[in-house]
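Heads up: the structure comes next, in structure tokens.
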Amino acid sequence: MHNNIKVLTLASYLSMFFLGISTAFVGATARNIDLSPFQIGLFLTIQNVGFMLAVMASGALADTLEKPRILLIGSLILAFSFFSFYLTGIFWLNLVIMMLIGVGVGTYEGVTDAMLLDMHALRQSMHINVNHFFVTFGSILITLYLISLQMDWRIALVQSALIVLLLALFYAFARLKPKEKQVEPYWQRIRILTREPLVVALFFATVMVVGVELGTIGILTTYLMDMRGFTQTTSKIGLVTFFSGIAAGRLIVGFFGRSERITQTILFLFGSATIVYGLLYYLNLGQWSYVTTFLSGLAISALLPLIITLAGQVYPHMAGTVIGSIKVAIPIGGILLPLVMSLLSRRTTFEVTLIVFPMALLAAFIVLFLAFRAMPAAKEITG
């Protein structure tokens, strides 16, 4: 049984690695496929729709069904989608396939964290952080791999599909029965959670942190070139530096963070991130901006994994449902903050619009501070 848990843990990490690949490959291959900005926008939107539907459904099912069975279905969908993407130039068909990619990785996102919480009574925060480290690792590696292949992206996708197919084969034979627990019907669980102030606060904080992370990924190179005098090459190094900060932070907090102080750690990171993002966007350090770029990734890195861990610990009897519900905030955050910046940019300067990032982090800090003080359940988790 112990070996089975070890192998399932590694399989979870590998699943999230492919989530990272799926997140990055459209942006990395858009020029090679000759996609227009309009088509790229549609692809990313429809992928997020598939992700949102899958993360809610799979999270709810994870409370009642064997999690490897759900991951088997997600893996088969993802493998098929990788094989099929742009085999033909029919745009609407590839749009459907992109939605299926969102469904496949949304299943991974909705189930793997809940599975890790079930399997590991100790050091849950570490496993969730490492799980999400592999998302960042997958995004970095697929970009570098495509460069090494001279952007022959079909080879990379076919190879990815074959590995995901092997992952599906593993999940087909893996066994992990759900823990014995009282589980209410799905809509009753949702009704209970939407009335919980802590869940609402965690959802809001997730929207903010994901919006800041994805928004920074989207505008960082432009900001470094336009506002800090970086070149095409050095600005991309800045983006890699930001990713490196995220990867390092998830490993550091995962291995050295203490689960009994999880709420304090979340508040500390939100407070630190508010300050660091203010320094990044409003303090001109020239080439030393690499330092604030790295610290920005470091400060924000563990927030999403820690929020997920806390939600699963406070509501263990419906961990899959609460995690799936909170993760719906991921695509919302990815759309909302960039949209706010876009609207602001029509009325003010680019530099002024950047205030959205530290203000979003500050708002999340205040909301969570009030929620943690008011919720006995959160106090019990943190001792």
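Here the simple spin-label model places points 7 Å from the Cα toward Cβ, and for Ile332 and Leu166 these points are separated by 3.9 nm. Here the scattering of the stretch 189-382 is modelled by Debye summation over its C-alpha atoms, one equal scatterer each and no solvent; at q = 0.12, 0.13 Å⁻¹ the log10 of I(q)/I(0) is -0.58, -0.68.
Maximal additional length on extending the Thr233-Trp92 stretch stands at 47.3 nm, based on 0.36 nm per residue less the C-alpha distance.
Quick check: residue separation of Ile252 and Thr45 times 0.36 nm, minus the Cα distance between them. What number comes out in nm?
Working: separation 207, 0.36 × 207 = 74.52 nm, distance 3.25 nm.
Length gained, Ile252 through Thr45: 71.3 nm.
Using the alpha-carbon centroid of each, what span in Å lies between the stretch 290-341 and the stretch 195-217? The stretch 290-341 and the stretch 195-217 have Cα centres spaced 6 Å from each other. Of the candidates Val240, Val200, Val340, which one comes out as most mobile in a Gaussian network treatment of the chain with C-alpha springs shorter than 10 Å? Sorting by GNM fluctuation, first place goes to Val340. Note on the chain: Kirkwood hydrodynamic radius from all Cα pairs is 21.1 Å, rounded to one decimal.
Counting lysine pairs in the chain whose alpha carbons fall under 29 angstrom apart, excluding pairs fewer than 8 residues apart on the same chain, gives 16. On the basis of the beta-carbon distance and an R0 of 45 Å, Thr222 and Leu65 show a calculated FRET efficiency of 0.50.
Stokes-Einstein diffusion of the stretch 112-162 at 20 °C, 1.002 mPa s viscosity, Kirkwood radius from Cα pairs, rounded to a whole number: 168 µm²/s.
Since every read-out is calculated from the coordinates, none of them should be taken as a lab result. If you're wondering where the values come from, they're calculated on a predicted model, not measured in any experiment. Here the Cβ is made from the backbone with ideal geometry for all residues, glycine too, and neighbour counts use every protein chain on show.
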